[in-house]
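Heads up: the structure comes next, in structure tokens.
The values are calculated or read from the model by the stated rules, or taken from the named source; none is laboratory data. Just so it is clear, the structure is predicted and the values come from calculations on it, not from any experiment. Glycine gets a Cβ as well: all are built from the backbone with ideal geometry, and neighbour counts include every protein chain shown.
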């Protein structure tokens with residue numbers, strides 16, 4: 001399996017093996033905004049960088065770079081109980097044609113100062129349930145042609161289900177941990193460059 005950062009950020013460009021939802025995990029009343037998410041982030045373990053910018057109407061514009069791909073997505077932060085989730089979807093404002101349906105990836109978010117932990121839903125757990133023809137209580141899920149686990153429940157049911165899941169429970173996969181990139185002080189760069 002791919003590492004968590006790849007699953008978290010390469011959600012919309014990857015060839016399969018993801019947990020996706022047809023409906024968002026937020027609605028107009030539950031969209032949250034945290035300016036502390038905006039900035040430059042790096043996951044040194046997986047060599048992933050992420051630029052988080054303010055997007056339109058309480059959204060985030062996320063551009064990530066991984067050694068095998070780079071993409072831009074739109075994300076919305078939402079609170080469910082005491083936990084926070086980010087709903088990642090294709091970049092807004094781009095017409096991708098009539099036959100493409102925007103899907104959503106739901107990722108648990110934990111932000112503490114300059115440490116950002118992103119935890120996706122566990123593809124292995126959902127896939128195991130689908131293969132065994134076992135239900136995921138509270139959700140309707142199917143498998144698409146790319147073998148993605150596709151949640152087809154409405155937003156209200158998805159939010160109810162997420163509220164019942166412990167953040168470190170088995171329905172979540174491995175976390176990717178990002179640290180905030182510190183801005184480079186141009187004076188330090190100049191001084192260090194002249195000292196060589």
Matching residues in region 4-33 - criterion: being part of a loop (DSSP other than H, G, I, E, B), buried (at least 19 other Cβ atoms within 10 Å of the Cβ) and modelled with pLDDT of 50 or more: 18, 24, 25, 26
Only strands (runs of 3 or more DSSP E) wholly contained in region 43-119 count here; list those with 3 or more residues that are farther than 25 Å from residue 139 by Cβ and touching a residue at least 40 places away in the same chain (Cβ under 8 Å). 48-54, 60-66
Conditions (1) out of contact with any helix residue (DSSP H, G or I) (no Cβ under 8 Å at 6 or more places or on another chain); (2) loosely packed, with under 15 Cβ neighbours inside 10 Å -> residue 45 fails only (1)
Can residue 123 be described as farther than 17 Å from residue 161 by Cβ and either in contact with a helix residue (DSSP H, G or I) (Cβ under 8 Å, 6 or more places away or on another chain) or touching a residue at least 24 places away in the same chain (Cβ under 8 Å) (or both)? no
Odd one out for residue 30 among (1) within 20 Å of residue 18 (Cβ to Cβ); (2) in contact with a helix residue (DSSP H, G or I) (Cβ under 9 Å, 6 or more places away or on another chain): (1)
Could you list, in sequence order, the residues of region 119-163 that are surrounded by 14 or more Cβ atoms within 10 Å (Cβ to Cβ), more than 24 Å from residue 78 (Cα to Cα) and touching a strand residue (DSSP E or B) at 6+ places or on another chain (Cβ under 8 Å)? 127, 129, 130, 143
Could you look through region 128-155, keep only residues that are touching a residue at least 40 places away in the same chain (Cβ under 8 Å) and not in a loop (DSSP other than H, G, I, E, B), and pick out the one that is nearest to residue 44 (Cα to Cα)? 149
In region 121-151, how many residues are within 12 Å of the chain's Cα centre (by Cα) and at pLDDT below 95? 0
